[in-house]
1. Within the chain, what is the longest stretch that has no trypsin sites (Lys or Arg not before Pro) placed in a DSSP loop and near at most 14 other beta-carbon atoms within 10 Å?
2. I need to check one value: relative contact order of the chain, counting alpha carbon pairs closer than 8 Å and at least 6 residues apart, in percent.
3. How long is the gain from residue 125 to residue 91 if the chain were fully straight, where each residue apart is worth 0.36 nm and the alpha carbon distance is subtracted?
4. What number comes out for the charge environment of residue 28, summing +1 per Lys or Arg and -1 per Asp or Glu over other residues with Cβ under 13 Å away?
5. Take the chain, connect every pair of alpha-carbon atoms lying under 10 Å apart with a spring to form a Gaussian network, then pick out the residue of 97, 117, 26 with the largest mean-square fluctuation.
6. Excluding residue 88 itself, what net charge comes from residues whose Cβ is under 9 Å from its Cβ, given Lys and Arg +1 and Asp and Glu -1?
7. Where Rh denotes the Kirkwood radius from the mean inverse Cα pair distance, what is Rg over Rh for segment 31-139?
8. Collect residues whose amide H, placed 1.01 Å from N in the peptide plane, falls under 5 Å from the amide H of residue 84; neighbours closer than 5 in sequence don't count.
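What follows is calculated from the coordinates using simple rules that are stated; it is not laboratory data. In this text, all values refer to a predicted model and were calculated from it rather than measured experimentally. So basically every Cβ, Gly included, is an ideal-geometry build from the backbone, and we count neighbours across all protein chains shown.
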Amino acid sequence: MSEQTVAPAPQITAPTATGETALWVERTGTRAYTGRSSRGAEVLIASQGVPGAFTPGELLKIALAACSGLSADFPLSRKLGDSFDATIRVSGDADRENEVYPQLDEVFELDLSELDEQARERLLVTVQRAIDKVCTVGRTLKAGTKVTLSFDVEG
């Protein structure tokens, strides 16, 4: 019986042919990877408990919170100015039996004390609409997506 090995990932340093940012992970140790982009970004990914690294599930949650924040940034800055503070907390326990997150909860923390009640309500409706319309991560999670996997092996 022959042994199969996975070929090392090519060093991608430029956007893909379609202009999309190239993304990949490289194994850096036992259950440890570094996520990379063709724009030079890096993120450490490892098992739970490894200092300085995110788990894949944590990255999923952070991607959701960041997408919500970026989607809401324009309407919030238009009303509150460019220097407003915002924190989006995200949580959700994994269902380890099925290896899914059945629910993710986001809490968007904002100081809207300078606005009257009607202005706050209007702004929050506008922010919710912006997130619902343009947060690709949230929209993908809500809709579900097809994921394909292929292998490029030698031998």
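1. In short, 40-95.
2. 21 percent
3. The residue 125-residue 91 span can extend by a further 10.0 nm.
4. +1
5. In this elastic network of the chain, the residue with the biggest mean-square fluctuation among 97, 117, 26 is 97.
6. That sum, taken over residues with Cβ under 9 Å, equals -1.
7. Using only Cα positions, Rg/Rh for segment 31-139 is 1.04.
8. It is none; the list stays empty.
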